[in-house]
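These notes concern the structure reproduced below.
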Amino acid sequence: MGAIFTSLERTLAAGVVLLIAIVVIVGAVTGQMTKIDHAWAAFVMRWLHVISGVMWIGLLWYLNFVQVPTMPKIQPVESRTAITKFIAPNVLFWFRWAALATVVTGLLVALMNGYIVQALTLRPGFIMIGIGMWMALIMAYNVWFIIWPNQKKILGIVEATAEEKAKAAPVALYASRFNTMFSIGMLYCMVAQQNAPV
Ligand code: HEM
């Protein structure tokens, strides 16, 4: 076990091997082997989409539920640099690239299912997923064009005066809180397309 769990790469590889085993065993037991066609490709894209979305929103919620409320309690104040210098830049790396991956895979899911235009123009039958997609697109815009540029100043990744840093802090916080607020309804709209009588 240690040979696997001491490395993140090997842990992830083990997750993929486990998934393959599940698919093969279930296929053998039920006699229904996976057909590699367009529907399967669209389904795999949906799975990749949900995985990226979990990484993105998981980190958004980590920031809002854990990091932001805990920071002011960390004593002595100097030890907060462990977060700002090491944890936060790493969180923001996975956060912003997961946001982009979620957008790309989400748009591909809509394209592969043949309703991207209907969803983005909020046509009947696609209104809920369309609203969810627009909400998530606004959230991704916030990540890349508001949160990340302001966080770069706050964390000292780019040069900024003390005044610029003080200005950037509430902008980044409010955009992050806005995304947390949106995430509730956005996720309802995402799952509504398949599952809710809307
Ligand atoms: C701009 C970004 C996004 C776009 C374009 C997008 C697009 C889509 C599309 C087209 C679907 C398939 C709906 C269907 O036919 O059932 C979907 C489903 C879904 N999305 Fe997104 N999405 C985005 C962001 C997110 C985010 C941030 C999450 C967070 C986890 C997320 C989670 C889900 C989930 C859980 C489903 C349902 C899968 C299912 O019911 O099988 N999406 N999304």
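Compute the length gained on full extension between Tyr188 and Arg123: take 0.36 nm times their separation in residues and subtract their Cα-Cα distance, giving the result in nm to one decimal.
21.6 nm
Given a Förster distance of 30 Å, report the FRET efficiency between Glu163 and Leu137 from their Cβ-Cβ distance, rounded to the nearest 0.05.
Rounded to the nearest 0.05, the efficiency is 0.40.
With n ≥ 4 as the cut-off for DSSP H runs, can you work out [θ] at 222 nm for the chain, using -39500 (n - 2.57) per run divided by the number of residues, rounded to the nearest 500?
Theoretical 222 nm ellipticity from helices: -23500 deg cm²/dmol.
Please state the relative contact order of the chain as a whole percent: Cα pairs under 8 Å, 6+ residues apart?
On the way: 153 pairs, mean separation 39.6, N = 198.
Computed over the chain, the figure is 20 percent.
With a cut-off of 8 Å between alpha carbons and a minimum separation of six or more residues, what is the relative contact order of the range 119-198 in percent?
On the way: 76 pairs, mean separation 31.6, N = 80.
Relative contact order comes out at 39 percent.
For the chain, what are the DSSP H helices with axial Cα length of 30 Å or more and mean Kyte-Doolittle hydropathy of at least 0.0?
Working: long enough: 8-30 (33 Å, 2.21); 38-61 (34 Å, 1.20); 88-112 (35 Å, 1.56); 162-195 (49 Å, 0.20).
For the chain, where a helix must reach 30 Å along its axis and average at least 0.0, the hits are 8-30, 38-61, 88-112, 162-195.
If you average the C-alpha positions of the range 126-167 and of the range 61-91 separately, how far apart do those two centres end up, in angstrom?
Taking the Cα centre of the range 61-91 as reference, the centre of the range 126-167 is 18 Å away.
Where does the charge balance sit around Val171 when Lys and Arg score +1, Asp and Glu -1, over other residues with C-beta under 14 Å from its C-beta?
Working: positive: Lys152, Lys153, Lys165, Lys167, Arg177; negative: Glu163, Glu164.
Neighbour charge sum, excluding Val171 itself: +3.
What is the gain in length, in nm to one decimal, between Phe93 and Glu9 on full extension, counting 0.36 nm per residue of separation less the C-alpha to C-alpha distance?
Extra length available between Phe93 and Glu9 comes to 28.5 nm.
Could you pull the Rg and Dmax for the chain, using just the Cα atoms, both in Å?
Gyration radius and largest Cα-Cα distance of the chain: 20.2, 66 Å.
One-quarter of the Cα convex hull surface for the range 9-58, in nm²?
Values: hull surface 17.3 nm².
About 4.3 nm², averaged over all directions.
Using the Cα centre as the reference, give the magnitude of the dipole from point charges on the C-beta atoms of the chain (Lys, Arg: +1; Asp, Glu: -1; all else neutral), rounded to the nearest 20 debye. Don't jump to the answer; show the numbers that get you there.
Working: 13 positive and 6 negative charges, 38 e Å.
Its charge dipole is roughly 180 debye.
Every read-out reported here was derived from the displayed coordinates using simple, explicitly stated rules and does not represent laboratory data. Please read these numbers as outputs of a predicted model, since none were measured by experiment. Cβ atoms come from the backbone with ideal geometry, glycine included; neighbour counts cover every protein chain shown.
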